[in-house]
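Asker: Have a look at the structure that comes next, please.
The values are calculated or read from the model by the stated rules, or taken from the named source; none is laboratory data. Everything numeric here is computed off the predicted structure, so don't read it as measured data. No Cβ is skipped: glycine too gets one built from the backbone with ideal geometry, and neighbour counts run over all protein chains shown.
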Amino acid sequence: MKMHKIAAIGGDGIGVEVVNACLTVLDALAARDGQFGFNVTSFDWSTDRYKRTGEFMPMDGAAQLRAFDAVLFGAVGAPDVPDHLTLWGLRLAICQPLDMYANVRPTRMLPGITSPLRGVERDELDWVIVRENSEGEYAGQGGRSHIGLPIEVATDVSIFTRVGVERIIRFAFKLAQARPRKLLTVVTKSNAQRHGMVLWDEIAAKVAQDFPDVTWDKMLVDAMTVRMVMQPQSLDTIVATNLHADILSDLAAALSGSIGVAPTANLNPEGDAPSMFEPIHGSAFDITGKGVANPVATFWTAAMMLDHLGEAPAAARLMAAIETVTANPALHTPDLGGTASTQMVTDAVIAALRGKND
Ligand code: IPM
Ligand code: MG
């Protein structure tokens, strides 16, 4: 039997709740299938750990993760620790050294979930946003001088390298090519940001020559928000910088009905380090401990993880079970306007999985 080694990092807040729920679903899936299993190691890396020891994870944390086939991550962030410390202390401290440069964010309207967009049919919003995940505005370059003085200065420098831009644009063209519509939109702000973003435009035009069967166009990020709302049908695969895609993917999640269902994969496409799978929503301390977090985003990201691990049929089975459950409004958590609990949704997905092969 093929065993997949999974590192589970619940992190903070509802991250722990949804990762635990997801592990029970993965167990049920493996038990049902019988061809593969999961060897899960759980890590307590979190803000709690930071408060106790001064570190979110051990110094060699990222290196420890190399021993795994994939990482399942919940969320990091707490109300009483500045967000830039939690982000750089855990999530980016994993993604950057393991070079998970392709962040993939699919958006669809799942059955039973209503979009705030009027008159848009379910099959008219089916996007994948590819977020550059290693440099750009999140490169970490910059600093502060003359702190506290009237002449204080702070800089955040965006870094765009030819290697970094080319590899993400090539990844996006390949992904677009593998999807039925073969349609890619390259998002920049190359009118105002006249260096790095112009480099993106140039590299996109060059890489496009290797993908003659992909139809592609360019959008400025501000106009892109209008197009996502007014003409969602005109989009399929989208590639953008780290920050632009961060913002666009929140808009995409809202347009699909709830951030509670939006998944993401931080991929190391070459596979020289594990990839990391997580829900897009954060730690949501306002609902932590209440048992009402929507686990669907984590289940969906687990389906992406299964695909990545080469278990495509299991991924499809899990996705089908998720969609059976979302189709039933009685199984919607409060973020979707319902009253269901995390446990009810989890049990229902497991029941749907069991039903599938009967
Ligand atoms: C995301 C999140 C993070 C980001 C936050 C939590 C720092 O918004 O994954 O989209 O900006 O990358
Ligand atoms: Mg975000």
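Asker: Quick check on this structure: which one of 135, 124 is modelled with pLDDT under 95, surrounded by fewer than 23 Cβ atoms within 10 Å (Cβ to Cβ) and touching a helix residue (DSSP H, G or I) at 6+ places or on another chain (Cβ under 7 Å)?
Answerer: Result: 124 is the single residue among 135, 124 that is modelled with pLDDT under 95, surrounded by fewer than 23 Cβ atoms within 10 Å (Cβ to Cβ) and touching a helix residue (DSSP H, G or I) at 6+ places or on another chain (Cβ under 7 Å).
Asker: Next question. Going by what's in this entry, would residue 286 be described as in contact (Cβ under 8 Å) with a residue 24 or more places away in the chain and surrounded by fewer than 23 Cβ atoms within 10 Å (Cβ to Cβ)?
Answerer: Against the criterion (in contact (Cβ under 8 Å) with a residue 24 or more places away in the chain and surrounded by fewer than 23 Cβ atoms within 10 Å (Cβ to Cβ)), residue 286 does not qualify.
Asker: So, one more: For segment 27-109, list the strands (runs of 3 or more DSSP E) that sit wholly inside it and hold at least 1 residues that are touching a His at 6+ places or on another chain (Cβ under 7 Å); which are they?
Answerer: Hits in segment 27-109: 36-43, 70-75.
Asker: Cβ-Cβ below 6 Å, separation at least six or inter-chain, first residue in segment 75-96 and touching a residue at least 40 places away in the same chain (Cβ under 8 Å), second of a type in the set (Gly, Ala, Ser) and within 8 Å of ligand 1 (Cβ to nearest atom): which pairs?
Answerer: 75/282; 77/282; 86/77
Asker: I want to confirm something. Restricting to segment 102-121 and keeping residues that are aliphatic (A, V, I, L, M) and under 20 Å from the mean Cα position of the chain (by Cα), which single residue is surrounded by the fewest Cβ atoms within 10 Å (Cβ to Cβ)?
Answerer: Per the criteria, the residue is 110.
Asker: Which residues, taken from segment 16-70, are at pLDDT 95 or above, among the acidic types (Asp, Glu) and more than 29 Å from residue 287 (Cα to Cα)?
Answerer: 60, 69
Residue by residue, here is whether (1) more than 10 Å from ligand 2 (Cβ to nearest atom); (2) under 23 Å from residue 161 (Cβ atoms) holds:
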site: 232; (1), (2): yes, no
site: 237; (1), (2): yes, yes
site: 241; (1), (2): yes, yes
site: 245; (1), (2): no, yes
site: 250; (1), (2): no, no
site: 254; (1), (2): yes, no
site: 258; (1), (2): yes, no
site: 267; (1), (2): yes, yes
site: 272; (1), (2): yes, yes
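Asker: Here is a follow-up. Would you point out which residue out of 83, 48 is within 24 Å of residue 260 (Cβ to Cβ), within 13 Å of ligand 1 (Cβ to nearest atom) and acidic (Asp, Glu)? If you could, list the steps in order and put the result at the bottom.
Answerer: Working: 48 fails: within 13 Å of ligand 1 (Cβ to nearest atom).
Going through 83, 48 in turn, just one is within 24 Å of residue 260 (Cβ to Cβ), within 13 Å of ligand 1 (Cβ to nearest atom) and acidic (Asp, Glu): 83.
Asker: Could you please find all residues in segment 174-200 being on the phi < 0 side of the Ramachandran plot, of a type in the set (D, E, K, R) and surrounded by 14 or more Cβ atoms within 10 Å (Cβ to Cβ)? Can you show your working first?
Answerer: Applying the first criterion (on the phi < 0 side of the Ramachandran plot) to segment 174-200 yields 174-181, 183-200.
Adding the requirement that they be of a type in the set (D, E, K, R) leaves 174, 179, 181, 189, 194.
Those that are on the phi < 0 side of the Ramachandran plot, of a type in the set (D, E, K, R) and surrounded by 14 or more Cβ atoms within 10 Å (Cβ to Cβ): 174, 179, 189.
Asker: How about segment 227-264: which of its residues are of a type in the set (S, T, N, Q) and either within 11 Å of ligand 1 (Cβ to nearest atom) or not in a helix (DSSP H, G or I) (or both)?
Answerer: Correct list: 231, 237, 241, 242, 249, 258, 264.
Asker: Hey, can you tell me all the residues within segment 1-44 that are among the basic types (Lys, Arg) and either over 16 Å from residue 304 (Cα atoms) or in contact with a helix residue (DSSP H, G or I) (Cβ under 9 Å, 6 or more places away or on another chain) (or both)?
Answerer: 2, 32
Asker: Collect the residues in segment 316-331 that are surrounded by fewer than 20 Cβ atoms within 10 Å (Cβ to Cβ), aliphatic (A, V, I, L, M) and in a helix (DSSP H, G or I), keeping them in residue-number order.
Answerer: The answer is 316, 319, 320, 330.
Residues are listed down the side, and each one gets a yes or a no for (1) among the aromatic types (Phe, Trp, Tyr); (2) under 20 Å from residue 245 (Cα atoms); (3) out of contact with any Leu (no Cβ under 8 Å at 6 or more places or on another chain):
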residue	(1), (2), (3)
173	yes, yes, no
183	no, yes, no
187	no, yes, no
195	no, yes, yes
209	no, no, yes
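Asker: Is there a residue in segment 155-162 that is within 16 Å of ligand 1 (Cβ to nearest atom), in a loop (DSSP other than H, G, I, E, B) and among the acidic types (Asp, Glu)?
Answerer: Scanning segment 155-162 turns up no residue that is within 16 Å of ligand 1 (Cβ to nearest atom), in a loop (DSSP other than H, G, I, E, B) and among the acidic types (Asp, Glu).
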